[in-house]
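Visitor: Just passing along the structure, written as structure tokens.
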Amino acid sequence: MKLPIYQLDAFADRQFQGNPAAVVPLDAWLADEVMQSIAMENNLAETAFFVPTDSGFSIRWFTPTSEVDLCGHATLAAAFVLMEYRGYEGSQIKFESRSGELAVTPVGSLLELDFPSQVPAAVAAPAALLEGLKLREGQCSCLAHGDYLVEVADSRSLRAIEPDFEKLEKLDLRGVIVTSAADDSEDLDFYARFFAPKIGVPEDPVTGSAYTQLTPYWAERLGKSSLEAMQLSARGGKLSCKLLGARVRIAGSVVPYLAGTIQIAQS
């Protein structure tokens, strides 16, 4: 069995920036264990699979170790594949997913995700979280939704974090978002980093789904609905975010890297 595969850099202005994602278009779903094995073989933060439906497409995402409920950068990459390689000519792409209906729309040179807003609520920081980030109580504030969201005092503190991944792996939620105001930039509103060793992603280069929590958080903190952000990973990535009621729009660029074929041995 031969399958097309594409690898792209999402939320990137040029190759080798942003977050690499693999995209595998399908006519029908493969067995879950086959898709998981493909994602493990790709060894990227996410591999997206999609199939056509009557109303658009259905999409699923796998890390090297597990399936996840929501992924931004691989959805952005899947939309790029449909538009640039698969002949899709509509003005918007709709995806059915575990997190409900998602949409991607071209906006100038960018692709814009339309995702549900996930407003984090204040919680007490678990000991494993503080120990994993090597922080003390009083050095940060802690909220949670699908992930823990930790705000530190400034961008210098954010850049300096060197996590203990074994401690973070013990947490009950998917991952840990650490954020700060962009106090050293006139063009950006906030920075973030994302750690998810529990699902096989120690530090993710750019995490689109995290901005469904970061956008409502910083919109309230800064009193504005349109925000510019950067993820401070080694590769880095830029995102433009808007809060529109119960939805968040997250825009970025996609740069293609690879187009090829997977050959799956029949058992």
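Visitor: Could I have the simple spin-label model distance between ARG98 and GLN15, label points 7 Å from Cα toward Cβ, reported in nm to one decimal?
Guide: 3.3 nm
Visitor: Distance from a point 7 Å along Cα→Cβ of LYS170 to each backbone N in segment 193-221: keep the residues under 18 Å and list them by number.
Guide: 196-200
Visitor: Who wins for biggest fluctuation among TRP29, TRP61, TRP218 in a Gaussian network model of the chain, springs between alpha carbons below 10 Å?
Guide: Answer for the Gaussian network model of the chain: TRP29.
Visitor: Please list 41-47, 20-26 highest first by mean number of surrounding beta-carbon atoms within 10 Å per residue.
Guide: Output ranking for 41-47, 20-26: 20-26, 41-47.
Visitor: For a quick check: sort LEU232, LEU102 by the number of other beta carbons within 10 angstrom, fewest at the front.
Guide: Least to most surrounded, the residues fall as LEU232, LEU102.
Visitor: Counting C-alpha atoms alone, how compact is the chain: give Rg to one decimal and Dmax as a whole number, in angstrom.
Guide: Spelled out, the Cα radius of gyration and Dmax of the chain are 18.0, 57 Å.
Visitor: In what order do CYS71, CYS241 fall by count of nearby beta-carbon atoms within 10 Å, going from fewest to most?
Guide: CYS241, CYS71
Visitor: Going by how many other beta carbons lie within 10 Å of each one, how would you line up ASP172, ASP114, fewest first?
Guide: Placing the least packed residue first, the sequence is ASP172, ASP114.
Visitor: Estimate the FRET efficiency between TRP29 and ASP154 by the formula 1/(1 + (r/R0)^6), using the beta-carbon distance for r and 51 Å for R0, to the nearest 0.05.
Guide: 0.65
Visitor: Give the value in nm², to one decimal: projected area of the alpha carbon convex hull of segment 155-267, averaged over all directions.
Guide: Answer in nm², one decimal: 10.4.
Visitor: Could you give me D for segment 93-162, from Stokes-Einstein at 37 °C and 0.692 mPa s, where the hydrodynamic radius is the Kirkwood radius over C-alpha pairs? Units µm² s⁻¹, please.
Guide: In µm²/s, the coefficient is 221.
Only the coordinates and a few stated rules stand behind these numbers; no lab work does. Remember, predicted model here, so these are calculated numbers, not experimental data. We place every Cβ from the backbone using ideal geometry, glycine too, and count neighbours over all the protein chains shown.
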